[in-house]
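A.B. asks: Got a structure for you, written out below as structure tokens; questions coming shortly.
The values are calculated or read from the model by the stated rules, or taken from the named source; none is laboratory data. These numbers were taken from a predicted model, which means no experiment stands behind them. Virtual Cβ from ideal backbone geometry, glycine too; neighbours counted across all protein chains shown. The protein model used for the area step is the full one, side chains on, heavy atoms only, and it has no ligands, DNA or RNA in it. Shrake-Rupley method; radii C 1.70, N 1.55, O 1.52, S 1.80 Å.
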Amino acid sequence: MTDILHIDGIDRQELETVAYTVEDGIAWVSFNRPDKRNCMSPRLNRQMMRVLDALEYRDDVGVLVLTGEGSAWSAGMDLKEYFRETEAQGLKGTRAAQRESYGWWRRLRWYQKPTIAMVNGWCFGGGYGPLFACDLAFAAEEAQFGLSEINWGILPGGGAAKVAVELTGFRNAMYHSLMGENIDGRKAAEWGFVNEALPLARLKDRVAEVARVLLTKNPVALKATKDAIRRVREMTYDNAEDFLVRAQEAANSYDNEGRKEGIRQFIDDKSYKPGLGAYDKSRPTDKSRPTSLS
């Protein structure tokens, strides 16, 4: 059953721009403007931040999936509400709208839980921001990806050009940005915009399968790992080496016993093989057993 996050004093139309449901540890969060192909408006951006806030530390949420209601994932920014109406307010209105949109994308990039983009349909322009913000991405083969800004006289802003360069090769990014041609989910997977593309009818099952695997992992290690992958991409090897040592030490301070339990199950109990899955998190750590780990 889909829920709407209700907040006193907030207009119902704004609250309904984002829908979500939590099932078996997975939060399914949806852009909920299907009549507008889930274009992002200032109201949607504000509500999405509230929903992310509400779900981030819930004990019954281990993975967050971002998808869209109807036939689109998100067709980018709402040209009327995000651009024309905010620009009419001058620089103050423009900057406020930018803070709200970039703010929740940034929040999603560093989210406490693993995140998956489930691209069920159109993903255009500004939609590349939250696409990049998610840790993993899966698309329907039928989905359409496009940087169409060049077709109406602007550059792919809002980080979209940066996302294209980050996720695919230079020539692909340049062609995609200059030509304004759409690519389908298959090509998006080939270019690296998403991990996999598969028929729409199988998309949710595949995403749920991946999410269930993530739910078996140590949550402290998941958070440290996803942050590390994003950070080290911009570092030299030596800087990354030093950062990762410190990151592991920081993670140990939050969950040193979990790390030890995985090694115990491998070395002592011989009940777990690291290359073949996750250790059993449900087993309580036996602190009476000796270990050489500090």
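A.B. asks: Can you give me the Kirkwood hydrodynamic radius for the chain, using every pair of distinct Cα atoms, in Å to one decimal?
C.D. replies: Values: mean 1/r = 0.0486 Å⁻¹.
Result for the chain, one decimal place: 20.6 Å.
A.B. asks: May I ask you to derive the FRET efficiency for TRP152 and GLU23 from their Cβ-Cβ distance with R0 = 35 Å, giving the value to the nearest 0.05? Let's see the in-between values first.
C.D. replies: Working: r = 39 Å, r/R0 = 1.13.
Step by step, r from the Cβ atoms, then E = 0.35.
A.B. asks: If I histogram all Cα-Cα distances within the range 95-170 using bins 10 Å wide from 0, what percent of pairs lands in each bin?
C.D. replies: 18, 49, 30, 3
A.B. asks: From the residues THR67, LEU55, THR94, which one has its Cα farthest along the dipole of the range 54-111 in the positive direction, the dipole being from +1 and -1 charges on Cβ of Lys/Arg and Asp/Glu about the Cα centre?
C.D. replies: THR94
A.B. asks: Calculate the length of the line joining the C-alpha centroid of the range 161-175 to that of the range 127-155, in whole Å.
C.D. replies: 12
A.B. asks: How high is the FRET efficiency from ALA201 to ALA240, r the C-beta distance, R0 45 Å, rounded to 0.05? Mind showing how you got there, number by number?
C.D. replies: Numbers: r = 41 Å, r/R0 = 0.90.
Efficiency at R0 = 45 Å is approximately 0.65.
A.B. asks: In addition: Tell me whether the range 155-226 comes out rounded, prolate or oblate; compute the Cα gyration tensor, take square roots of the eigenvalues as a ≥ b ≥ c, and use a/c under 1.5 as the rounded threshold. Walk me through the intermediate numbers first.
C.D. replies: Numbers: a/c = 3.17, a/b = 1.60, b/c = 1.98.
Here the range 155-226 falls in the oblate category.
A.B. asks: Find the eigenvalues of the gyration tensor of the Cα atoms of the range 187-239, then list the square roots of 5 times those eigenvalues as equivalent ellipsoid semi-axes, largest first, in whole angstrom.
C.D. replies: Working: eigenvalues 144, 72, 5 Å².
Semi-axis lengths for the range 187-239 are 27, 19, 5 Å.
A.B. asks: Here is a further query. Find the centroid of the Cα atoms in the range 188-238 and in the range 1-79, then give the distance between the two in whole Å.
C.D. replies: Taking the Cα centre of the range 1-79 as reference, the centre of the range 188-238 is 20 Å away.
A.B. asks: In Å and whole numbers, how far do the C-alpha atoms of the range 1-91 stretch along each principal axis, longest first?
C.D. replies: Taking max minus min along each principal axis of the Cα atoms, the range 1-91 gives 44, 30, 20 Å.
A.B. asks: Once you have the alpha carbon radius of gyration of the range 1-42, what is it after dividing by 2.2 N^0.38 Å, with N set to its residue count? Show your work: numbers first, answer last.
C.D. replies: Details: Rg = 11.2 Å, N = 42, 2.2 N^0.38 = 9.1 Å.
Rg over 2.2 N^0.38 Å, computed on Cα atoms: 1.23.
A.B. asks: Okay, next question. Percent of alpha carbon pairs in the range 168-210 separated by more than 12 Å?
C.D. replies: On the way: 576 of 903 pairs.
Summing the P(r) of the range 168-210 above 12 Å gives 64 percent of all pairs.
A.B. asks: Averaged per residue, what accessible surface does the range 177-258 expose to a 1.4 Å probe, in Å²?
C.D. replies: On the way: 5070 Å² over 82 residues.
Result: 62 Å² of accessible area for each residue.
A.B. asks: Computing the accessible area with a 1.4 Å probe over protein heavy atoms, can you report the carbon and sulfur percentage for the chain? If you can, show how the numbers build up before the last one.
C.D. replies: Working: 8170 of 15480 Å².
Exposed carbon and sulfur together represent 53 percent of the surface.
A.B. asks: Identify, among GLY129, VAL220, ALA189, the residue whose Cα sits farthest towards the positive end of the charge dipole of the range 119-243, taking +1 on the Cβ of Lys and Arg and -1 on the Cβ of Asp and Glu, with the dipole about the Cα centre.
C.D. replies: Result: VAL220.
A.B. asks: With a ≥ b ≥ c the root eigenvalues of the C-alpha gyration tensor of the range 125-259, is it rounded (a/c under 1.5), prolate (a/b larger than b/c) or oblate? Don't jump to the answer; show the numbers that get you there.
C.D. replies: Values: a/c = 3.03, a/b = 1.53, b/c = 1.98.
Because a/c hits 1.5 or more and a/b fails to exceed b/c, the range 125-259 counts as oblate.
A.B. asks: Please give the charge dipole size of the range 77-162, origin at the Cα centre, charges +1 on K and R Cβ atoms and -1 on D and E Cβ atoms. Round to the nearest 20 debye. Write out the running numbers ahead of the final one.
C.D. replies: Working: 10 positive and 9 negative charges, 103 e Å.
The dipole magnitude comes to about 500 debye.
A.B. asks: Determine the dipole magnitude for the chain: charges of +1 sit on the beta-carbon of Lys and Arg, -1 on that of Asp and Glu, nothing else is charged, the reference point is the Cα centre, and the result goes in debye to the nearest 20. Please list the in-between numbers first.
C.D. replies: On the way: 41 positive and 42 negative charges, 91 e Å.
Charge dipole of the chain: 440 debye, to the nearest 20.
A.B. asks: Write down the accessible area per residue of the range 1-122 in Å², having rolled a 1.4 Å probe over the full set of protein chains.
C.D. replies: 46
A.B. asks: Here's something else I'd like to know. How would you order 115-123, 101-109 from highest to lowest mean count of nearby Cβ atoms within 10 Å? Let's see the in-between values first.
C.D. replies: Details: 115-123: 25.7, 101-109: 19.0.
Sorting 115-123, 101-109 by mean packing, highest first, produces 115-123, 101-109.
A.B. asks: Also, quick follow-up: Order these peptides, 164-176, 231-243, by their mean beta-carbon neighbour count within 10 angstrom, highest first. Don't skip to the end; give the middle numbers.
C.D. replies: Working: 164-176: 16.3, 231-243: 11.7.
Per-residue mean Cβ counts within 10 Å order the peptides as 164-176, 231-243.
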